[in-house]
Amino acid sequence: RGKRSGEETLNVSSSTTIKELKLQVLEAFDVHPYDQEMYHIGRPLFDLEMTLGGEGVFPEDVIDVIANDVHDTSDPSIAALFAEANVTPTRKLAKESVGGGRECSL
C-alpha cells in the first residue's frame with residue numbers, strides 16, 4: 001500500500017505500548033504526547049500501558065493521530081516521559097510546535 005500525504009512509517013512491534021508509540025510520534029512530528037489523539041479503525045487508543053498487540057493492531061494497520069494543541073516540545077516534562085518509558089530519544093527534538101488540528105497517519 002502506498003503512503004498517503006502526511007503519513008509516516010514507524011517501526012513498532014506487538015509489545016510496543018501506546019506510551020512508547022506516543023513518544024515515537026513526538027520524535028517524528030514534534031507533537032507532545034498529551035496533544036495526540038490516536039485511533040485504530042476508528043477506536044481511540046488511550047491506555048498508555050496497553051500494547052499494540054493487546055489493542056488488536058496488526059502489521060500494516062494504520063493508526064490515525066490527531067494533534068490537538070500547540071505545545072513546546074522543549075518542555076522539561078518531555079525528558080521525564082522518555083525516562084519513565086525507559087526510551088532514549090533518537091534525535092534532538094525541535095523547539096518548535098505544530099498547529100492544532102493537524103492529522104497524520106502512521
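The values are calculated or read from the model by the stated rules, or taken from the named source; none is laboratory data. Everything quoted here is computed from the prediction, not taken from an experiment. With ideal geometry, Cβ positions are generated from the backbone for all residues, glycine too; neighbour counts draw on all protein chains shown.
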Subset of the range 32-59 (residues that are within 8 Å of the chain's Cα centre (by Cα) and assigned to a loop (DSSP other than H, G, I, E, B)): none
Residues satisfying the stated conditions in the range 17-40, i.e. at pLDDT 85 or above, of a type in the set (Val, Ile, Thr) and touching a helix residue (DSSP H, G or I) at 6+ places or on another chain (Cβ under 8 Å): Val25
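This table checks each residue for (1) modelled with pLDDT under 90; (2) of a type in the set (A, V, I, L, M, F, W, C).
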{"position": "Gly42", "(1), (2)": "no, no"}
{"position": "Gly56", "(1), (2)": "no, no"}
{"position": "Ala67", "(1), (2)": "yes, yes"}
{"position": "Ser74", "(1), (2)": "yes, no"}
All but one of (1) modelled with pLDDT of 80 or more; (2) in contact with a strand residue (DSSP E or B) (Cβ under 7 Å, 6 or more places away or on another chain) hold for Ser105, so report the exception by its number. (1)
